[in-house]
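Taking it in order: structure first as structure tokens, then the write-up.
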Amino acid sequence: IVAWFFTAVHEVPMECSVCLEGLQLPEFLEAPCSVRCGRACHLLCVHRWLTTASDGTISSDAAASGLRLIDCQCGKGVFAPICIICRHSILPPAQQMPTCAAPCGRVLAHTQCVQAARAFGARRNCYLCNKPWATH
């Protein structure tokens with residue numbers, strides 16, 4: 001399954017299902033559909049959607065731990081970032097954190113996965129900036 005994760009990147013440039021602009025990063029570094037239907041959104045588009053209600057105020061949807069999720073057009077999944085450690089979608093109520101520090105900070109993982117990496121002393125580099133993960 002690990003081999004699939006790194007080779008399942010589409011050769012044809014995909015477009016974001018929210019803003020319809022092209023995805024510049026591999027879909028596993030953006031916010032693909034949680035059921036892996038092949039659609040994806042920019043991580044920034046998902047973040048904007050999650051933190052802003054339709055009226056422009058801060059969202060407070062208690063069903064998703066205060067977050068609103070974007071339903072995928074496939075009807076079975078939602079757009080969510082993928083944990084770079086366990087390769088599962090990061091869905092509420094799970095907590096997430098970046099694996100490296102600013103200015104990058106775009107590669108995300110479940111907080112529990114990062115804690116496990118710390119416990120085992122795992123060392124990896126960020127897929128975007130190539131700096132070591134901030135797990136220590």
- Do the conditions hold for Gly75, that is, is it exposed (fewer than 13 other Cβ atoms within 10 Å of the Cβ) and modelled with pLDDT of 90 or more? yes
- Item | Where a residue in segment 112-136 is modelled with pLDDT under 90 and its partner, wherever it lies, is surrounded by fewer than 14 Cβ atoms within 10 Å (Cβ to Cβ) and small (Gly, Ala, Ser), with Cβ under 6 Å and at least six apart | Ala134/Ala101
- Query: From Ala116, Ala102, which residue is in a loop (DSSP other than H, G, I, E, B) and farther than 14 Å from Glu30 by Cβ?
  - Reply: Ala102
- Task: From (1) modelled with pLDDT of 90 or more; (2) on the phi > 0 side of the Ramachandran plot; (3) surrounded by 15 or more Cβ atoms within 10 Å (Cβ to Cβ), pick out the condition that doesn't hold for Gly105.
- Result: (1)
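The values are calculated or read from the model by the stated rules, or taken from the named source; none is laboratory data. All values reported here derive from a predicted model rather than from experimental measurement. Counting neighbours? That spans all protein chains shown, and the Cβs are built from the backbone with ideal geometry, glycine included.
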